[in-house]
Amino acid sequence: MSADGAESGELKQPTLQSETPDYNDAYDAIVVGAGLAGTAAALTMAREGLDVLLLERGPAPGTKNVFGGVLYTPTIRELVDIDDAPMERYIAEKRFSMLTSDGDETAVSIRPGAWHDEPHNDSYTVLRRRFDEWFAKQAVEAGATLVTETTVTGVLRDGQTIVGVETDRPNGELRAPVVVLAEGANSLVSEAADLKERPDREDVAVSVKEVFKLDRETIDDRFRLDGDAGAAYHYFGEGAVGQAVGGGFVYTNKRTISVGIAYRIEDAAQGQTPEETLDAFESHPAVAPLIRGARRTEYAAHVIPEGGAKAMPDLVHDGAVVVGDAAGLVLNSGVHLEGTNMAVESGYHAGKAIAAALEDDRSDESALVAYPRDLEQSFVVENLRHYDWFQGTIADDRQFLFEDLPRALADAETEYFKMDRTSKDEHTDAARDRLLEAAGGWFGAAKRAWRFRRMLS
Amino acid sequence: MSTVQPHVPDVSIEDRLYTVKYRDAGESHLGIKNADVCTDCTTNECEQVCPAAVWTVEEGSNGVPSIAYENCLECGTCRFGCPSDNVEWTYPKTGGGVVFKQG
(Lines give C-alpha, C1' and ligand atoms only; values in the text may rest on other atoms or scores of the structure.)
Protein backbone atom coordinates (compact mmCIF):
# COMPACT_ATOMS: atom_id res chain seq x y z
CA MET A 1 0.00 0.00 0.00
CA SER A 2 2.79 2.35 0.78
CA ALA A 3 4.33 1.76 -2.63
CA ASP A 4 1.05 2.80 -4.30
CA GLY A 5 1.00 5.87 -2.15
CA ALA A 6 4.46 6.83 -3.30
CA GLU A 7 3.61 6.32 -6.98
CA SER A 8 0.39 8.28 -7.06
CA GLY A 9 1.78 10.93 -4.73
CA GLU A 10 -1.43 10.71 -2.77
CA LEU A 11 -2.17 9.36 0.63
CA LYS A 12 -3.94 6.08 0.33
CA GLN A 13 -6.50 5.17 2.87
CA PRO A 14 -6.20 1.43 3.26
CA THR A 15 -9.44 0.09 4.59
CA LEU A 16 -9.79 -2.00 7.68
CA GLN A 17 -13.15 -3.50 6.90
CA SER A 18 -14.57 -6.50 8.65
CA GLU A 19 -13.77 -8.66 5.63
CA THR A 20 -10.13 -7.63 5.61
CA PRO A 21 -7.64 -10.35 6.40
CA ASP A 22 -6.19 -10.69 9.85
CA TYR A 23 -3.85 -7.77 10.52
CA ASN A 24 -2.77 -9.11 13.87
CA ASP A 25 0.99 -8.92 14.14
CA ALA A 26 1.19 -7.92 10.50
CA TYR A 27 2.93 -4.79 11.78
CA ASP A 28 5.94 -4.34 14.02
CA ALA A 29 4.51 -1.22 15.58
CA ILE A 30 1.25 0.71 15.74
CA VAL A 31 1.40 4.48 16.10
CA VAL A 32 -1.65 6.20 17.58
CA GLY A 33 -1.94 9.66 16.02
CA ALA A 34 -0.41 11.17 12.87
CA GLY A 35 0.70 14.46 14.40
CA LEU A 36 4.31 15.55 14.55
CA ALA A 37 5.44 13.09 17.24
CA GLY A 38 3.59 10.08 15.79
CA THR A 39 4.67 10.74 12.24
CA ALA A 40 8.30 11.30 13.30
CA ALA A 41 8.20 7.93 15.10
CA ALA A 42 6.56 6.17 12.14
CA LEU A 43 9.03 7.67 9.70
CA THR A 44 12.03 6.74 11.83
CA MET A 45 10.83 3.14 12.26
CA ALA A 46 9.96 2.75 8.57
CA ARG A 47 13.48 3.92 7.66
CA GLU A 48 14.81 1.27 10.04
CA GLY A 49 12.94 -1.32 7.99
CA LEU A 50 10.00 -1.93 10.33
CA ASP A 51 6.42 -2.44 9.15
CA VAL A 52 4.57 0.44 10.75
CA LEU A 53 0.89 1.21 10.96
CA LEU A 54 0.09 4.88 11.54
CA LEU A 55 -3.47 5.44 12.78
CA GLU A 56 -5.17 8.83 12.53
CA ARG A 57 -8.69 9.57 13.75
CA GLY A 58 -9.29 12.56 11.43
CA PRO A 59 -10.16 12.25 7.73
CA ALA A 60 -6.54 13.29 6.98
CA PRO A 61 -3.48 14.03 9.11
CA GLY A 62 -3.71 17.55 10.51
CA THR A 63 -7.49 17.83 10.49
CA LYS A 64 -7.66 17.51 14.27
CA ASN A 65 -4.50 19.41 15.08
CA VAL A 66 -4.20 22.92 16.42
CA PHE A 67 -1.09 24.82 17.46
CA GLY A 68 0.01 28.37 18.15
CA GLY A 69 1.97 28.74 15.06
CA VAL A 70 5.72 28.02 14.83
CA LEU A 71 7.27 24.81 13.60
CA TYR A 72 10.87 24.32 14.74
CA THR A 73 12.69 22.14 12.26
CA PRO A 74 16.18 21.11 13.45
CA THR A 75 15.19 17.44 13.84
CA ILE A 76 12.69 17.34 10.95
CA ARG A 77 15.50 18.55 8.72
CA GLU A 78 17.56 15.52 9.78
CA LEU A 79 14.68 13.20 8.91
CA VAL A 80 13.39 14.60 5.62
CA ASP A 81 14.22 17.08 2.90
CA ILE A 82 12.09 20.06 3.86
CA ASP A 83 12.73 22.06 0.68
CA ASP A 84 9.33 21.00 -0.67
CA ALA A 85 7.52 21.20 2.67
CA PRO A 86 4.48 23.48 2.74
CA MET A 87 5.97 26.20 4.94
CA GLU A 88 4.24 29.54 5.24
CA ARG A 89 7.01 31.99 6.22
CA TYR A 90 10.30 31.82 8.09
CA ILE A 91 10.51 33.78 11.33
CA ALA A 92 12.51 36.94 10.63
CA GLU A 93 11.31 38.82 13.67
CA LYS A 94 10.37 37.99 17.23
CA ARG A 95 8.61 40.69 19.12
CA PHE A 96 7.72 40.71 22.81
CA SER A 97 5.11 43.21 23.93
CA MET A 98 3.69 44.15 27.28
CA LEU A 99 0.15 45.46 27.12
CA THR A 100 -1.85 47.27 29.75
CA SER A 101 -5.62 47.28 29.76
CA ASP A 102 -5.44 51.05 29.19
CA GLY A 103 -4.07 50.57 25.69
CA ASP A 104 -0.34 50.98 26.40
CA GLU A 105 2.24 48.86 24.61
CA THR A 106 5.94 48.44 25.41
CA ALA A 107 7.75 46.20 22.96
CA VAL A 108 11.15 44.72 22.27
CA SER A 109 11.74 43.61 18.71
CA ILE A 110 14.46 41.24 17.53
CA ARG A 111 15.34 41.05 13.83
CA PRO A 112 18.77 39.46 13.44
CA GLY A 113 20.04 39.67 9.88
CA ALA A 114 21.19 36.04 10.12
CA TRP A 115 17.60 34.81 10.30
CA HIS A 116 17.13 35.83 6.67
CA ASP A 117 19.72 33.22 5.68
CA GLU A 118 19.01 29.51 5.39
CA PRO A 119 18.11 27.58 7.46
CA HIS A 120 16.35 30.60 8.98
CA ASN A 121 17.06 29.56 12.55
CA ASP A 122 14.88 26.50 11.86
CA SER A 123 11.70 28.43 12.69
CA TYR A 124 8.74 28.63 10.33
CA THR A 125 5.06 29.38 10.52
CA VAL A 126 2.98 26.57 9.01
CA LEU A 127 -0.66 25.59 8.82
CA ARG A 128 -0.89 22.20 10.45
CA ARG A 129 -3.48 20.80 8.09
CA ARG A 130 -1.08 21.21 5.18
CA PHE A 131 2.15 20.45 6.98
CA ASP A 132 1.01 17.35 8.85
CA GLU A 133 -0.47 15.84 5.70
CA TRP A 134 2.81 16.42 3.88
CA PHE A 135 4.88 15.04 6.76
CA ALA A 136 2.72 11.91 7.01
CA LYS A 137 3.19 11.44 3.28
CA GLN A 138 6.95 11.30 3.86
CA ALA A 139 6.38 8.49 6.36
CA VAL A 140 4.19 6.65 3.83
CA GLU A 141 6.86 7.05 1.17
CA ALA A 142 9.35 5.58 3.62
CA GLY A 143 7.10 2.52 3.90
CA ALA A 144 4.66 3.22 6.72
CA THR A 145 0.97 2.43 6.23
CA LEU A 146 -1.39 5.26 7.07
CA VAL A 147 -4.99 4.56 8.01
CA THR A 148 -7.25 7.54 8.63
CA GLU A 149 -10.74 7.89 10.13
CA THR A 150 -9.80 5.31 12.70
CA THR A 151 -10.03 6.12 16.37
CA VAL A 152 -8.10 4.10 18.87
CA THR A 153 -10.38 3.46 21.84
CA GLY A 154 -8.07 1.46 24.09
CA VAL A 155 -5.04 -0.77 24.35
CA LEU A 156 -4.97 -4.56 24.35
CA ARG A 157 -3.06 -6.31 27.08
CA ASP A 158 -1.64 -9.70 27.75
CA GLY A 159 -1.07 -9.59 31.48
CA GLN A 160 0.70 -6.28 32.06
CA THR A 161 2.11 -6.13 28.57
CA ILE A 162 0.48 -3.98 25.92
CA VAL A 163 0.05 -6.07 22.80
CA GLY A 164 -2.03 -3.87 20.52
CA VAL A 165 -4.93 -1.45 20.24
CA GLU A 166 -8.66 -1.51 20.02
CA THR A 167 -10.19 0.76 17.37
CA ASP A 168 -13.71 1.84 16.49
CA ARG A 169 -13.57 -0.13 13.24
CA PRO A 170 -15.58 -3.33 12.90
CA ASN A 171 -13.42 -6.14 14.30
CA GLY A 172 -11.02 -3.32 15.01
CA GLU A 173 -8.51 -5.04 17.27
CA LEU A 174 -4.96 -4.79 16.00
CA ARG A 175 -1.99 -6.52 17.56
CA ALA A 176 1.65 -5.51 17.32
CA PRO A 177 4.69 -5.85 19.58
CA VAL A 178 4.90 -2.10 20.24
CA VAL A 179 2.33 0.70 20.48
CA VAL A 180 3.43 4.34 20.21
CA LEU A 181 0.98 6.65 21.96
CA ALA A 182 1.14 9.97 20.12
CA GLU A 183 -2.43 10.98 20.78
CA GLY A 184 -1.75 14.56 21.81
CA ALA A 185 -2.70 16.66 24.81
CA ASN A 186 -6.03 14.90 25.28
CA SER A 187 -4.49 11.52 25.91
CA LEU A 188 -7.62 9.51 26.55
CA VAL A 189 -6.08 6.16 25.64
CA SER A 190 -2.94 6.58 27.75
CA GLU A 191 -4.98 7.75 30.72
CA ALA A 192 -7.54 4.97 30.45
CA ALA A 193 -4.69 2.44 30.24
CA ASP A 194 -3.09 3.91 33.38
CA LEU A 195 0.03 4.87 31.49
CA LYS A 196 -0.34 8.40 32.79
CA GLU A 197 -2.53 10.35 35.14
CA ARG A 198 -4.90 13.06 34.01
CA PRO A 199 -2.86 16.29 34.34
CA ASP A 200 -3.88 18.67 37.11
CA ARG A 201 -6.02 21.58 36.00
CA GLU A 202 -3.35 24.12 36.99
CA ASP A 203 -0.89 22.42 34.63
CA VAL A 204 -3.09 22.79 31.55
CA ALA A 205 -3.70 25.90 29.45
CA VAL A 206 -6.57 26.62 27.09
CA SER A 207 -5.78 28.27 23.80
CA VAL A 208 -8.15 29.81 21.29
CA LYS A 209 -7.02 30.99 17.91
CA GLU A 210 -8.45 32.61 14.81
CA VAL A 211 -6.97 32.62 11.34
CA PHE A 212 -7.62 35.85 9.46
CA LYS A 213 -7.33 36.26 5.71
CA LEU A 214 -5.52 39.28 4.33
CA ASP A 215 -3.76 39.79 1.05
CA ARG A 216 -0.05 39.16 1.01
CA GLU A 217 0.92 42.76 0.38
CA THR A 218 -1.10 44.01 3.34
CA ILE A 219 0.61 41.49 5.62
CA ASP A 220 4.04 42.49 4.27
CA ASP A 221 3.26 46.17 4.86
CA ARG A 222 1.71 45.84 8.30
CA PHE A 223 4.48 43.64 9.63
CA ARG A 224 7.39 45.18 7.65
CA LEU A 225 8.17 41.98 5.79
CA ASP A 226 9.60 41.02 2.42
CA GLY A 227 9.38 37.80 0.45
CA ASP A 228 9.01 34.76 2.69
CA ALA A 229 9.99 36.60 5.87
CA GLY A 230 7.50 36.34 8.70
CA ALA A 231 6.91 37.60 12.20
CA ALA A 232 6.13 36.09 15.59
CA TYR A 233 4.61 38.57 18.02
CA HIS A 234 4.09 37.59 21.65
CA TYR A 235 2.05 39.63 24.11
CA PHE A 236 2.00 39.68 27.89
CA GLY A 237 0.26 41.70 30.53
CA GLU A 238 -3.25 42.59 31.49
CA GLY A 239 -4.02 43.89 28.01
CA ALA A 240 -3.20 40.47 26.54
CA VAL A 241 -5.05 38.00 28.75
CA GLY A 242 -6.51 40.05 31.59
CA GLN A 243 -5.86 38.74 35.09
CA ALA A 244 -4.88 35.31 33.82
CA VAL A 245 -1.45 33.69 33.65
CA GLY A 246 -0.69 33.42 29.95
CA GLY A 247 -0.26 35.51 26.85
CA GLY A 248 -1.39 36.38 23.35
CA PHE A 249 0.21 35.81 19.96
CA VAL A 250 0.12 36.93 16.36
CA TYR A 251 1.91 34.94 13.66
CA THR A 252 2.10 35.78 9.98
CA ASN A 253 1.39 33.12 7.38
CA LYS A 254 1.57 33.75 3.63
CA ARG A 255 -1.91 35.12 3.13
CA THR A 256 -3.35 34.75 6.61
CA ILE A 257 -2.42 35.68 10.14
CA SER A 258 -2.98 33.54 13.21
CA VAL A 259 -4.17 35.45 16.26
CA GLY A 260 -4.81 33.88 19.63
CA ILE A 261 -4.34 33.59 23.34
CA ALA A 262 -3.32 30.86 25.76
CA TYR A 263 -3.77 30.93 29.52
CA ARG A 264 -4.42 28.61 32.42
CA ILE A 265 -7.74 26.77 32.50
CA GLU A 266 -7.73 27.57 36.21
CA ASP A 267 -8.20 31.24 35.32
CA ALA A 268 -10.91 30.49 32.76
CA ALA A 269 -12.77 28.44 35.35
CA GLN A 270 -12.71 31.41 37.69
CA GLY A 271 -14.80 33.43 35.30
CA GLN A 272 -12.52 34.69 32.57
CA THR A 273 -14.00 32.99 29.53
CA PRO A 274 -11.87 32.22 26.46
CA GLU A 275 -14.13 34.07 24.07
CA GLU A 276 -14.25 37.31 26.07
CA THR A 277 -10.51 37.16 26.62
CA LEU A 278 -9.93 36.72 22.88
CA ASP A 279 -12.30 39.63 22.16
CA ALA A 280 -10.40 41.87 24.55
CA PHE A 281 -7.05 40.90 23.04
CA GLU A 282 -8.23 41.46 19.48
CA SER A 283 -9.65 44.86 20.51
CA HIS A 284 -6.45 46.10 22.11
CA PRO A 285 -5.10 49.17 20.27
CA ALA A 286 -1.82 47.30 19.72
CA VAL A 287 -3.54 44.35 18.04
CA ALA A 288 -6.72 45.65 16.41
CA PRO A 289 -4.89 47.51 13.58
CA LEU A 290 -3.06 44.32 12.62
CA ILE A 291 -6.32 42.53 11.85
CA ARG A 292 -8.33 45.47 10.60
CA GLY A 293 -10.42 44.56 7.55
CA ALA A 294 -9.39 40.92 7.68
CA ARG A 295 -11.84 38.09 7.21
CA ARG A 296 -12.14 35.33 9.79
CA THR A 297 -11.49 31.98 8.13
CA GLU A 298 -11.19 29.59 11.05
CA TYR A 299 -11.73 29.48 14.77
CA ALA A 300 -9.91 26.77 16.71
CA ALA A 301 -9.13 25.80 20.26
CA HIS A 302 -6.96 23.32 22.11
CA VAL A 303 -5.48 22.54 25.49
CA ILE A 304 -1.73 22.76 26.07
CA PRO A 305 0.08 20.64 28.68
CA GLU A 306 2.31 23.07 30.61
CA GLY A 307 3.27 21.00 33.61
CA GLY A 308 6.91 20.76 32.50
CA ALA A 309 9.38 18.06 33.54
CA LYS A 310 7.76 17.46 36.92
CA ALA A 311 4.47 16.47 35.22
CA MET A 312 6.07 14.14 32.65
CA PRO A 313 4.64 10.61 32.87
CA ASP A 314 6.69 7.42 32.56
CA LEU A 315 7.65 7.28 28.91
CA VAL A 316 8.06 3.52 28.50
CA HIS A 317 5.97 0.52 29.46
CA ASP A 318 5.99 -3.12 28.48
CA GLY A 319 4.98 -2.88 24.82
CA ALA A 320 4.33 0.85 24.67
CA VAL A 321 5.93 4.29 24.62
CA VAL A 322 4.42 7.77 25.09
CA VAL A 323 5.61 10.69 22.94
CA GLY A 324 4.89 14.37 22.17
CA ASP A 325 2.08 16.27 23.86
CA ALA A 326 0.79 13.03 25.38
CA ALA A 327 4.07 12.96 27.31
CA GLY A 328 3.64 16.65 28.22
CA LEU A 329 6.62 17.76 26.13
CA VAL A 330 5.88 21.48 25.88
CA LEU A 331 8.16 24.28 27.00
CA ASN A 332 6.77 27.64 28.10
CA SER A 333 9.45 29.76 29.71
CA GLY A 334 7.70 33.02 28.94
CA VAL A 335 9.97 33.80 26.00
CA HIS A 336 10.53 30.27 24.67
CA LEU A 337 7.28 28.72 23.49
CA GLU A 338 8.19 25.35 22.07
CA GLY A 339 6.61 21.98 21.50
CA THR A 340 6.83 21.06 17.83
CA ASN A 341 10.57 20.47 18.09
CA MET A 342 10.13 18.38 21.23
CA ALA A 343 7.39 16.29 19.62
CA VAL A 344 9.60 15.42 16.66
CA GLU A 345 12.63 14.75 18.85
CA SER A 346 10.67 12.39 21.09
CA GLY A 347 9.16 10.53 18.13
CA TYR A 348 12.61 10.16 16.62
CA HIS A 349 14.24 8.77 19.79
CA ALA A 350 11.26 6.48 20.43
CA GLY A 351 11.44 5.14 16.87
CA LYS A 352 15.18 4.46 17.17
CA ALA A 353 14.76 2.68 20.51
CA ILE A 354 11.90 0.52 19.23
CA ALA A 355 13.87 -0.54 16.16
CA ALA A 356 16.84 -1.54 18.35
CA ALA A 357 14.63 -3.46 20.79
CA LEU A 358 12.78 -5.34 18.04
CA GLU A 359 16.11 -6.26 16.52
CA ASP A 360 16.59 -8.38 19.68
CA ASP A 361 12.97 -9.57 19.48
CA ARG A 362 12.08 -7.66 22.59
CA SER A 363 9.55 -4.96 23.45
CA ASP A 364 9.48 -4.96 27.24
CA GLU A 365 10.08 -1.81 29.22
CA SER A 366 13.74 -2.48 29.90
CA ALA A 367 14.42 -3.14 26.20
CA LEU A 368 12.87 0.25 25.27
CA VAL A 369 14.68 2.24 27.90
CA ALA A 370 17.00 3.82 25.34
CA TYR A 371 14.10 6.15 24.46
CA PRO A 372 13.75 7.91 27.83
CA ARG A 373 17.52 7.81 28.29
CA ASP A 374 18.19 9.51 24.93
CA LEU A 375 15.40 12.02 25.48
CA GLU A 376 16.81 12.77 28.91
CA GLN A 377 20.17 13.53 27.35
CA SER A 378 18.65 15.67 24.59
CA PHE A 379 17.60 19.32 24.75
CA VAL A 380 14.03 18.21 25.43
CA VAL A 381 14.22 17.11 29.04
CA GLU A 382 17.17 19.38 29.79
CA ASN A 383 15.18 22.46 28.75
CA LEU A 384 12.04 21.31 30.54
CA ARG A 385 14.03 20.81 33.74
CA HIS A 386 15.77 24.15 33.42
CA TYR A 387 12.46 26.01 33.33
CA ASP A 388 10.48 23.85 35.74
CA TRP A 389 10.48 26.71 38.26
CA PHE A 390 8.94 29.15 35.82
CA GLN A 391 5.20 28.42 35.80
CA GLY A 392 4.90 28.42 39.57
CA THR A 393 6.98 31.56 39.98
CA ILE A 394 4.99 33.60 37.49
CA ALA A 395 1.74 32.38 38.99
CA ASP A 396 2.95 33.56 42.42
CA ASP A 397 4.07 36.92 41.05
CA ARG A 398 1.24 37.45 38.57
CA GLN A 399 0.02 40.77 39.97
CA PHE A 400 3.47 42.29 39.49
CA LEU A 401 4.29 40.68 36.15
CA PHE A 402 0.99 41.04 34.35
CA GLU A 403 -0.45 44.21 35.85
CA ASP A 404 1.98 46.37 37.84
CA LEU A 405 5.06 46.00 35.64
CA PRO A 406 3.43 46.73 32.24
CA ARG A 407 1.69 49.75 33.74
CA ALA A 408 4.85 51.01 35.46
CA LEU A 409 6.81 50.63 32.23
CA ALA A 410 4.18 52.54 30.29
CA ASP A 411 4.12 55.30 32.92
CA ALA A 412 7.92 55.46 33.13
CA GLU A 413 8.41 55.69 29.39
CA THR A 414 5.67 58.31 29.11
CA GLU A 415 7.46 60.26 31.83
CA TYR A 416 10.94 59.76 30.36
CA PHE A 417 9.95 61.05 26.92
CA LYS A 418 7.58 63.75 28.18
CA MET A 419 7.69 66.97 26.18
CA ASP A 420 7.37 70.02 28.41
CA ARG A 421 9.62 72.69 29.94
CA THR A 422 10.91 70.53 32.80
CA SER A 423 14.51 69.30 32.61
CA LYS A 424 15.43 65.84 31.34
CA ASP A 425 17.00 65.16 34.74
CA GLU A 426 13.70 65.57 36.52
CA HIS A 427 11.88 63.37 34.01
CA THR A 428 14.54 60.67 34.32
CA ASP A 429 14.29 60.71 38.11
CA ALA A 430 10.51 60.50 37.99
CA ALA A 431 10.61 57.63 35.49
CA ARG A 432 13.09 55.69 37.63
CA ASP A 433 11.02 56.31 40.74
CA ARG A 434 7.93 54.98 39.01
CA LEU A 435 9.71 51.73 38.07
CA LEU A 436 11.24 51.31 41.51
CA GLU A 437 7.92 51.89 43.18
CA ALA A 438 6.32 49.13 41.11
CA ALA A 439 9.18 46.74 41.87
CA GLY A 440 8.98 47.44 45.61
CA GLY A 441 12.03 49.69 45.90
CA TRP A 442 15.65 48.68 45.40
CA PHE A 443 15.16 45.78 47.75
CA GLY A 444 12.10 44.51 45.93
CA ALA A 445 13.79 44.91 42.55
CA ALA A 446 16.83 42.97 43.76
CA LYS A 447 14.62 40.24 45.17
CA ARG A 448 12.75 39.89 41.87
CA ALA A 449 15.96 39.96 39.86
CA TRP A 450 17.17 37.07 42.00
CA ARG A 451 13.90 35.18 41.63
CA PHE A 452 13.96 35.43 37.84
CA ARG A 453 17.75 35.10 37.43
CA ARG A 454 17.36 31.67 35.84
CA MET A 455 15.76 33.31 32.80
CA LEU A 456 19.32 34.27 31.85
CA SER A 457 21.39 31.55 33.47
CA MET B 1 -2.98 56.21 31.04
CA SER B 2 -4.83 56.66 27.84
CA THR B 3 -8.25 57.54 26.62
CA VAL B 4 -8.51 54.74 24.08
CA GLN B 5 -11.98 53.32 24.02
CA PRO B 6 -11.90 49.55 23.84
CA HIS B 7 -13.39 48.38 20.61
CA VAL B 8 -15.21 45.11 21.00
CA PRO B 9 -15.11 43.09 17.80
CA ASP B 10 -18.43 42.73 16.12
CA VAL B 11 -18.42 38.97 16.20
CA SER B 12 -20.50 36.39 18.02
CA ILE B 13 -19.63 32.85 18.97
CA GLU B 14 -22.01 31.73 16.21
CA ASP B 15 -20.02 33.77 13.67
CA ARG B 16 -16.84 32.13 14.89
CA LEU B 17 -18.22 28.61 14.88
CA TYR B 18 -19.62 29.21 11.41
CA THR B 19 -16.02 29.24 10.11
CA VAL B 20 -15.44 25.70 11.34
CA LYS B 21 -16.08 22.61 9.26
CA TYR B 22 -17.73 19.66 10.98
CA ARG B 23 -18.69 16.16 10.08
CA ASP B 24 -21.57 15.23 12.28
CA ALA B 25 -20.89 11.85 13.84
CA GLY B 26 -24.62 11.60 14.57
CA GLU B 27 -24.22 11.02 18.29
CA SER B 28 -22.66 12.96 21.10
CA HIS B 29 -19.10 12.12 22.06
CA LEU B 30 -19.57 14.15 25.25
CA GLY B 31 -21.56 13.32 28.30
CA ILE B 32 -21.95 13.65 32.03
CA LYS B 33 -20.73 10.92 34.33
CA ASN B 34 -23.11 11.57 37.19
CA ALA B 35 -26.02 14.04 36.93
CA ASP B 36 -26.20 14.37 40.73
CA VAL B 37 -22.75 15.99 40.71
CA CYS B 38 -24.07 18.66 38.31
CA THR B 39 -27.14 19.22 40.49
CA ASP B 40 -24.85 19.93 43.44
CA CYS B 41 -22.53 22.16 41.35
CA THR B 42 -22.89 25.92 41.78
CA THR B 43 -19.95 27.12 39.71
CA ASN B 44 -20.76 25.78 36.22
CA GLU B 45 -17.11 25.75 35.27
CA CYS B 46 -17.79 23.64 32.18
CA GLU B 47 -19.80 26.53 30.79
CA GLN B 48 -17.12 29.06 31.78
CA VAL B 49 -14.15 27.35 30.22
CA CYS B 50 -15.65 26.04 26.95
CA PRO B 51 -14.59 28.21 23.99
CA ALA B 52 -17.36 26.83 21.76
CA ALA B 53 -20.58 27.21 23.76
CA VAL B 54 -21.02 23.47 24.02
CA TRP B 55 -22.07 23.46 27.68
CA THR B 56 -25.07 25.49 28.81
CA VAL B 57 -26.76 25.31 32.16
CA GLU B 58 -30.31 26.46 31.48
CA GLU B 59 -32.85 27.69 34.00
CA GLY B 60 -34.89 24.87 35.43
CA SER B 61 -32.45 22.21 34.29
CA ASN B 62 -31.60 21.36 37.88
CA GLY B 63 -27.98 22.33 37.17
CA VAL B 64 -27.49 19.67 34.52
CA PRO B 65 -25.97 21.28 31.42
CA SER B 66 -27.24 20.75 27.91
CA ILE B 67 -24.51 19.64 25.50
CA ALA B 68 -24.29 21.10 21.98
CA TYR B 69 -21.75 18.49 20.93
CA GLU B 70 -21.95 19.57 17.28
CA ASN B 71 -20.20 22.84 18.26
CA CYS B 72 -17.30 20.98 19.85
CA LEU B 73 -13.77 21.89 18.71
CA GLU B 74 -12.40 18.82 20.54
CA CYS B 75 -10.06 21.06 22.51
CA GLY B 76 -10.58 19.12 25.73
CA THR B 77 -10.82 22.14 28.01
CA CYS B 78 -14.02 20.91 29.69
CA ARG B 79 -12.29 17.65 30.68
CA PHE B 80 -9.86 19.62 32.80
CA GLY B 81 -12.19 22.51 33.59
CA CYS B 82 -14.74 20.49 35.56
CA PRO B 83 -13.35 20.40 39.10
CA SER B 84 -15.32 17.21 39.83
CA ASP B 85 -13.95 15.36 36.79
CA ASN B 86 -17.56 14.76 35.80
CA VAL B 87 -17.18 15.23 32.05
CA GLU B 88 -17.37 12.10 29.96
CA TRP B 89 -15.12 12.76 27.01
CA THR B 90 -14.51 10.46 24.07
CA TYR B 91 -13.30 11.10 20.55
CA PRO B 92 -16.03 11.25 17.91
CA LYS B 93 -16.34 8.00 15.99
CA THR B 94 -14.64 7.21 12.66
CA GLY B 95 -13.40 10.60 11.60
CA GLY B 96 -16.48 12.51 12.76
CA GLY B 97 -16.39 15.86 14.47
CA VAL B 98 -14.34 18.93 13.70
CA VAL B 99 -12.24 19.02 10.51
CA PHE B 100 -9.74 21.85 10.63
CA LYS B 101 -8.84 23.35 7.26
CA GLN B 102 -5.84 25.22 8.60
CA GLY B 103 -5.17 24.31 12.22
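The values are calculated or read from the model by the stated rules, or taken from the named source; none is laboratory data. It should be emphasised that the depicted structure is a prediction, and the values quoted were computed from it without experimental measurement. Reconstructed Cβ throughout: ideal geometry from the backbone, glycine too, with neighbour counts over all protein chains shown. Surface areas here come from the heavy atoms of the whole protein model, side chains and all, with no ligands, DNA or RNA. Shrake-Rupley method; radii C 1.70, N 1.55, O 1.52, S 1.80 Å.
Distant-in-sequence amide contacts of residue B:56, defined by a placed amide H-H separation under 5 Å and a gap of 5 or more residues or a different chain, comprise B:66, B:68. Protein heavy-atom surface of the stretch B:13-91, 1.4 angstrom probe: 45% of the accessible area is carbon and sulfur, with nucleic acids and ligands not counted. Taking the protein heavy atoms of the stretch A:391-455 in the context of the full set of protein chains, the accessible area attributed to carbon and sulfur is 56 percent at 1.4 Å. Here the stretch A:250-342 has 47 percent of its accessible surface on carbon and sulfur atoms, given a 1.4 Å probe and all protein chains in place.
With a 1.4 Å probe, how much accessible area is buried between chains A and B, both sides summed, in Å² to the nearest hundred?
Details: alone 20520 and 7460 Å², together 23560 Å².
Looking at A and B, the buried total is near 4400 Å².
Under a 1.4 angstrom probe, counting protein chains only, how are B:59, A:359, A:149 ranked by accessible area, largest first?
In descending accessible area the options line up as B:59, A:359, A:149.
Shape call for chain B from the C-alpha gyration tensor, a ≥ b ≥ c root eigenvalues: rounded (a/c under 1.5), prolate (a/b greater than b/c) or oblate?
Details: a/c = 2.19, a/b = 1.17, b/c = 1.87.
Oblate, since a/c reaches 1.5 and b/c is not below a/b.
Stokes-Einstein diffusion for the protein assembly as shown, with the hydrodynamic radius set to the Kirkwood value over Cα pairs and evaluated at 25 °C in a medium of 0.890 mPa s, equals 100 µm²/s. Computed from label points 7 Å out along Cα-Cβ, the spacing between residue B:62 and residue A:270 is 3.3 nm. For the stretch A:204-216, the Karplus equation 6.51 cos²θ - 1.76 cosθ + 1.60, evaluated at θ = phi - 60°, returns couplings of 10, 9, 9, 10, 10, 9, 10, 9, 10, 8, 9, 7, 4 Hz by residue, with Gly and Pro reported as x. Near residue A:228, no amide H atom lies under 5 Å from its own; only residues 5 or more places off or on other chains count, and H is placed 1.01 Å from N. Model label sites at residue A:25 and residue A:447, defined 7 Å from Cα along the beta-carbon direction, differ in position by 6.6 nm.
One Cα centroid belongs to the stretch A:224-249, the other to the stretch A:405-449; the line between them spans 25 Å. Are there any residues in the stretch A:298-314 with a reduction of at least 50 Å² in accessible surface when going from the isolated chain to the assembly of protein chains? Probe 1.4 Å, please list them by number. In the stretch A:298-314, residues shielded by partner chains: A:298, A:299, A:301.
How far, in nm, would the chain grow between residue A:314 and residue A:437 when pulled straight, counting 0.36 nm per residue and subtracting the alpha carbon separation? Kindly include the intermediate steps, with their values, before the conclusion.
On the way: separation 123, 0.36 × 123 = 44.28 nm, distance 4.57 nm.
Full-extension gain reported as 39.7 nm.
Ordered by solvent-accessible area of protein heavy atoms (1.4 Å probe), largest first, the residues A:52, A:66 come out as A:66, A:52. Taking all protein chains into account, the per residue accessible area for chain A stands at 40 Å² (1.4 Å probe). Taken one residue at a time, the phi angles of the stretch A:405-417 give Karplus couplings (6.51, -1.76, 1.60, θ = phi - 60°) of 5, x, 5, 5, 4, 4, 5, 5, 6, 5, 5, 4, 9 Hz. Gly and Pro are set to x. Listed values for the stretch A:304-318 are Karplus-derived 3J(HN,Hα) couplings in whole Hz (6.51 cos²θ - 1.76 cosθ + 1.60, θ = phi - 60°), namely 10, x, 10, x, x, 4, 5, 9, 5, x, 4, 8, 10, 9, 5, and x replaces Gly and Pro. Between the helical axis of A:274-283 and the longest alpha-carbon principal axis of chain A there is an angle of about 50 degrees. Heavy-atom accessible area with a 1.4 Å probe sorts A:45, A:419, largest first, into A:419, A:45.
Between amide H atoms placed 1.01 Å from N, distances below 5 Å from residue A:331 occur with A:338, A:339, all of them 5 or more places distant or on a separate chain.
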